[in-house]
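First comes the structure, then the notes that go with it.
Derivation of every value follows stated rules applied to the coordinates shown; laboratory data play no part. Predicted model, so just to flag it, every value in this text is computed and none were measured. Counting neighbours? That spans all protein chains shown, and the Cβs are built from the backbone with ideal geometry, glycine included.
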Amino acid sequence: MLQTLRAPIHLPRANTDPVSSPHAALAVFSLALRRPLCEEMLVLMLDNQLRGVGLMSFDAVASCTNNINYAIGLCSSVLDATSLSICTVEPYACDRSNDSNYLETAQDLCKHAGLKLIDWLVVTRGSVINLRDIN
């Protein structure tokens with residue numbers, strides 16, 4: 001299913017349209033996802049009006065905390081970035097039991113850096129999970 005994921009007809013324009021929902025963020029991320037799916041992390045940098053000001057992608061080979069710190073460091077070089085949305089790609093079955101801990105850690109790291117974590121989407125084969133929806 002996600003092998004054929006395509007951008008929707010309406011795509012938020014960089015520096016113009018707000019990325020105000022997980023669906024809109026996924027639309028942006030779908031443009032940058034590598035196919036076939038491979039482990040990677042994408043970070044969408046947003047300004048104070050939730051408009052996209054940058055999109056980066058890197059291999060997710062380090063620990064979750066290291067990846068988040070790396071993304072925060074890159075966001076700090078963009079003057080307009082005040083918040084971010086994260087998308088991680090996990091093409092193989094993973095243990096989901098630590099997702100809420102990862103989300104909490106990411107929120108804390110962002111907060112200490114003066115950023116706000118808007119969403120964290122996880123793309124797997126066959127589904128998209130928003131870590132904010134996990135209880």
Kindly write out, for region 111-118 in residue order, the coupling ³J(HN,Hα) from the Karplus curve 6.51 cos²θ - 1.76 cosθ + 1.60 (θ = phi - 60°), rounded to whole Hz, with x marking Gly and Pro. 4, 5, 8, x, 10, 10, 8, 7
Can you pull out the trypsin sites (Lys or Arg not before Pro) in region 37-135 whose DSSP state is coil and whose Cβ has at most 15 other Cβ atoms within 10 Å? 96, 125
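Just subtract the alpha-carbon distance of residue 48 and residue 20 from 0.36 nm times their residue separation and send over the number in nm, one decimal.
On the way: separation 28, 0.36 × 28 = 10.08 nm, distance 1.15 nm.
Extra length available between residue 48 and residue 20 comes to 8.9 nm.
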Cβ under 15 Å from residue 89's Cβ, residue 89 left aside: what net charge do those residues give with Lys, Arg +1 and Asp, Glu -1? -2
Debye, to nearest 20: dipole size of region 5-123, +1 on Lys, Arg Cβ, -1 on Asp, Glu Cβ: 340
Neighbour net charge for residue 101 - beta-carbon separation under 12 angstrom, K R +1, D E -1: -3
DSSP beta bridges in the chain, what fraction antiparallel, as a percent rounded to 5? 70
Sites matching chymotrypsin sites (Phe, Trp or Tyr not before Pro) across region 27-135 that sit in DSSP coil, with at most 14 neighbouring C-beta atoms within 10 Å: 92
Amide H to amide H under 5 Å from residue 120: which residues, 5+ apart in sequence or cross-chain, H placed 1.01 Å off N in plane? 86, 131, 132
Among the GluC sites (Glu not before Pro) within region 1-107, which fall in a DSSP loop and have no more than 16 other Cβ atoms within 10 Å of their own Cβ? 39
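Please arrange 87, 38 by how many other C-beta atoms lie within 10 Å of their C-beta, fewest to most. Walk me through the numbers on the way to the answer.
Values: 87 25, 38 13.
Ascending number of Cβ neighbours within 10 Å: 38, 87.
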In a shell of Cβ-Cβ distance under 14 Å around residue 121, excluding residue 121 itself, what net charge do Lys and Arg (+1) and Asp and Glu (-1) give? -3
